[in-house]
Amino acid sequence: MTEVKEKAAENAARLGAPSIDGFTEEGERLSPAPVATGPLGGDAAKSHSHGGGYGIPDSSRAGRLTSYRLADFPELKGTEEEWRFTPLRRLGGLHKSALDGAAPAVAVEAPEQVRVETVGREDARIGSAGIPEDRVSANAWEHFGAATVITVPAGAQLEDRVLVTLTGAGPAPAAQHVVIVAEEGARAVVVLNHSGEAIVAENVEIVVGDRADLTLVSLQEWQDGSVHASSQQVKVGQDAKIKHVAVSLGGSLVRLTPTVRFAHPGGEAQLFGLYFADAGQHLEHRTFVDHAQPNCVSNVLYKGALQGKDAHTVWVGDVLIQKQAEGTDSYEKNQNLVLTDGGRADSVPNLEIETGLIKGAGHASATGRFDDEHLFYLMARGIPEDVARRLVVRGFLNEIIQKIGVPSIEEHLTQAVERELEAGEY
């Protein structure tokens, strides 16, 4: 017994982190380690030519099916864990229809060294970051006509942001595919600005090369009635950094599923989100961070506000720390502020740990109304109640806006939040 304890202490010292009570170096064996190598460096090993996750289905996040083929995914019933919060009747047929409508138009403003290409599905970069993980993503994969590939060349240090404007082409169900590549040592900010009217299933692949530093901001400012389901998959190279910011304000139904997979050791991922749902809106965000490599860091923080009857927000955060991911440091948190009666916020943090030899891991979730003490403090200083309430909301959401680090985008979002507050009655 003494030898076992000494061995555990030796391993912990080697990693520079204490072991967690209840775990051994072998972990809990929630899912077996991958036995094959797929396009993501073992993160989603293919069990057949179309992909297909590993592990025990339904027992681990690692066991979820991945496939390029729509036929491999059963028809949705709405009772599936990953769809139980989504009103399928409002999905615009993205899960079952042929997506033959016109895809949103793409316009790119970028420094001259950035390469922008329109390519076919045979291009080798298509599929380099991820395999579809759900039926809607697979449907988009089967139906997109051409993809937009945006490449930040190796070593480029962009001072100006890359703005990708995606403008909806109308209410016919459509598919879209975008690939963003930050090559080795590159540093850039890329903004995806979704606007107009659309019913679209979208796959966004993001490849962050070794030692690259990429900030990706995805803005959803659709017109009323729009439906947007977006799978945004990130592959992180060695010692690379990704900051992914999701902001959802407009549209009837918006469902984003950002996924980060570490392909090599030393990566860092920050996932931030802001959403503001009005009456009747459904805004859903499902994050997944797959720690499949040692000594990687992840931090997830999403904040949302709701106002109006039947406003509905959903946040589901999954973090998987695999057996081989020793030295991991991970945390995720979601906070929701309900401004009026009639809204609903669902928040589900999930943390799956297969090794105790990590630096740390945790999660938190909170949903509530205004803090009466905050309101009292402001009103006691002569600030009217309606103004005090707006100040509280601004302060609550501004933490996310300030994470972006691009003054023009931060100003734009501050104004957008002001418009949301002006439209509300609380």
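The values are calculated or read from the model by the stated rules, or taken from the named source; none is laboratory data. Not measured: the values here are computed from a predicted model. Please note: Cβ atoms are built from the backbone with ideal geometry, for glycine as well, and neighbour counts cover all protein chains shown. Just so you know, the surface numbers come from the protein's heavy atoms only, side chains and all, with ligands and any DNA or RNA stripped out. Shrake-Rupley method; radii C 1.70, N 1.55, O 1.52, S 1.80 Å.
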Does V191 satisfy being open to solvent by less than 10 Å² (accessible area, probe 1.4 Å) and either in contact with a strand residue (DSSP E or B) (Cβ under 8 Å, 6 or more places away or on another chain) or part of a loop (DSSP other than H, G, I, E, B) (or both)?
yes
Filter region 234-249 for residues that are open to solvent by less than 10 Å² (accessible area, probe 1.4 Å) and of a type outside the set (A, V, I, L, M, F, W, C); which is farthest from V136 (Cα to Cα)?
G237
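Does region 101-125 hold any residues that are outside any loop (DSSP other than H, G, I, E, B), basic (K, R) and surrounded by 15 or more Cβ atoms within 10 Å (Cβ to Cβ), and which are they?
Matches in region 101-125: none.
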Testing T215 on (1) among the polar types (S, T, N, Q); (2) open to solvent by less than 10 Å² (accessible area, probe 1.4 Å); (3) farther than 30 Å from R89 by Cα, one condition comes back false. Which one is that?
(2)
Residues of region 126-152 classified as more than 18 Å from the chain's Cα centre (by Cα) and either buried (at least 16 other Cβ atoms within 10 Å of the Cβ) or closer than 13 Å to L70 by Cα (or both), total:
12
Restricted to region 375-401, and to residues that are open to solvent by less than 40 Å² (accessible area, probe 1.4 Å) and modelled with pLDDT under 90, which residue is nearest to G273 (Cα to Cα)?
V393
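Can you pull out every residue in region 211-246 that is of a type in the set (G, A, S) and closer than 13 Å to T287 by Cα? Spell out how you get there, then give the answer.
If we filter region 211-246 for residues that are of a type in the set (G, A, S), which is where we start, we get 212, 218, 225-226, 229-231, 237, 240, 246.
Hits for region 211-246 are S230, S231, A246.
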Every residue in region 402-426 that is closer than 18 Å to Q307 by Cβ and open to solvent by less than 40 Å² (accessible area, probe 1.4 Å), please.
L413, A416, V417, E420, L421, G424
If I filter region 394-405 for residues that are of a type outside the set (K, R), under 25 Å from the mean Cα position of the chain (by Cα) and over 25 Å from Q281 (Cβ atoms), do I get at least one hit?
yes
Quick one: how many residues across region 284-339 are assigned to a strand (DSSP E or B), more than 16 Å from K241 (Cα to Cα) and among the charged types (D, E, K, R)?
6
